[in-house]
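Encoded as structure tokens, the structure appears first; notes follow it.
The values are calculated or read from the model by the stated rules, or taken from the named source; none is laboratory data. These numbers come from a predicted model, not from an experiment. Virtual Cβ from ideal backbone geometry, glycine too; neighbours counted across all protein chains shown.
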Amino acid sequence: MVFKQTTYHLSKIIFIFFAVCCLGGCEKKSPLPPPVPPLEIEKPVQLDGQVIRYKTTPEGNIDQMVLDQGKQQSDIHFPPHLARQILEIAQPGASIHLKVSRRDRGYELISVSSEDGNNRFDIQGILPPKPSPGKEIRIKGAVSEFIRNRRNETIGFVIGKKTVMLNPEESRILAPLLIKATQVEVTAMERDANDGTINTLRFPPVKMTEITIDSIVYKIR
């Protein structure tokens, strides 16, 4: 008897547990949050005006156009490797039509066309040139000129009709040595002149990989 009574109570407990689980599963779930609406794609902006001048990167590569719209001036940015094709249509002083998209400061160029509409250049879909190390060159001689910014900090130097740009760390270490140096030899990579970039420096820039200053060799990472 005791055994049967015990079995009865255990079966009852299992039944109640099963019923609670079923009822719990039937409870209504909280509704899902509403879907987030998709972000609106900003429409291109049409700008008309006259090209005042071009701006450059610290290395001297043209990458911005300043457009005079009468009541205001706008900065129009574009990839440096497209500068040559853009300037074929938009020389300083030319009246042009632009299609642009907004960016934090100024605009990003989409297309440029001449005032009469006969010449047009659309930059969308044009991929940048494949990375190329360039051609290795060696330049030996004395530093003929130092390049300084508005804060009078040395950011590069000229040797053998080539411009070597220095980052802040390179400038800190090498500039004091170069000022006193009597003999300098630079190993550098020279960029392909046909990549579409327009550089405004008096002498073309090269990427330094090694420099020897008075017989002491410095490797550039």
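Table for the structure above
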{"read-out": "Answer from Lys12, Lys55, Lys99 - the residue that is farther than 30 Å from Pro168 by Cβ and either part of a strand (DSSP E or B) or at pLDDT 90 or above (or both)", "value": "Lys99"}
{"read-out": "Flag if Thr200 is touching a residue at least 24 places away in the same chain (Cβ under 8 Å) and in contact with a Phe, Trp or Tyr (Cβ under 6 Å, 6 or more places away or on another chain)", "value": "no"}
{"read-out": "Hey, Ile211 in a strand (DSSP E or B) and outside the structural domain of Ile86 (by TED's automatic domain parsing) or not", "value": "yes"}
{"read-out": "Single match in Ile76, Ile62 (criterion: touching a residue at least 40 places away in the same chain (Cβ under 8 Å), in a strand (DSSP E or B), buried (at least 18 other Cβ atoms within 10 Å of the Cβ) and assigned by TED's automatic domain parsing to the domain that holds Asp116)", "value": "Ile62"}
{"read-out": "Matching strands (runs of 3 or more DSSP E) fully within the stretch 104-194 where at least 2 residues are within 30 Å of Gln46 (Cα to Cα) and in contact (Cβ under 8 Å) with a residue 40 or more places away in the chain", "value": "107-114"}
{"read-out": "Answer residue from the stretch 117-136, given it is surrounded by fewer than 11 Cβ atoms within 10 Å (Cβ to Cβ) and closer than 14 Å to Ala90 by Cβ and is modelled with the highest pLDDT among those", "value": "Asn118"}
{"read-out": "Failed condition for Leu174, given (1) modelled with pLDDT under 95; (2) in contact with a Leu (Cβ under 7 Å, 6 or more places away or on another chain)", "value": "(1)"}
{"read-out": "Any hit, the stretch 111-119, residues being within 20 Å of the chain's Cα centre (by Cα) and of a type outside the set (Lys, Arg)", "value": "yes"}
